[in-house]
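These notes are about the structure you will find just below.
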Amino acid sequence: MDFDAIYESQKAFQIRRGLFLGEEPQKETKDLALALHSEVSEILNCITWKAHRAIDGTLSHSNVKEEIIDIFKLWMVLANVWGLDPKELEELF
């Protein structure tokens, strides 16, 4: 599945659920920013960033990947809220 298809799939999911449709972009942005903040914090909980956690060497690659996907999904939702499509994202990038 290419990026455009993934992006459209996410947008269709939002429409089916009636969530984050861009009707209240400021509120939706706040809610998504808080969710993104939480997901980024969860990545830190998956890695050995604290010295005492580095000692036991536990690291779950699958958990880190899961959190990255969660962040990616939220990022796409945020882009959808503001009406960014894949073409405009590429142009702005």
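The values are calculated or read from the model by the stated rules, or taken from the named source; none is laboratory data. Since we're looking at a predicted model, the values are computed, not measured. Glycine also receives a Cβ, built like all others from the backbone with ideal geometry; neighbour counts cover every protein chain displayed. With ligands, DNA and RNA removed, areas are computed over all heavy atoms of the protein, side chains included. Shrake-Rupley method; radii C 1.70, N 1.55, O 1.52, S 1.80 Å.
Below are the figures for this structure:
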read-out	value
Solvent-accessible area per residue, Å², over the chain with all protein chains present [probe radius 1.4 Å]	73
The chain - charge dipole about Cα centre, Lys and Arg +1 at Cβ, Asp and Glu -1, debye rounded to 20	360
Carbon and sulfur %, accessible surface of the chain computed with the full protein complex present, 1.4 Å	59
Listed residue (Asn45, Leu74, Ile15) projecting farthest to the positive dipole end of the chain, Cβ model	Asn45
nm² value of the averaged projected area, convex hull over the Cα atoms of the chain	7.4
Length-normalised contact order of the chain in % [C-alpha pairs under 8 Å, at least 6 apart]	41
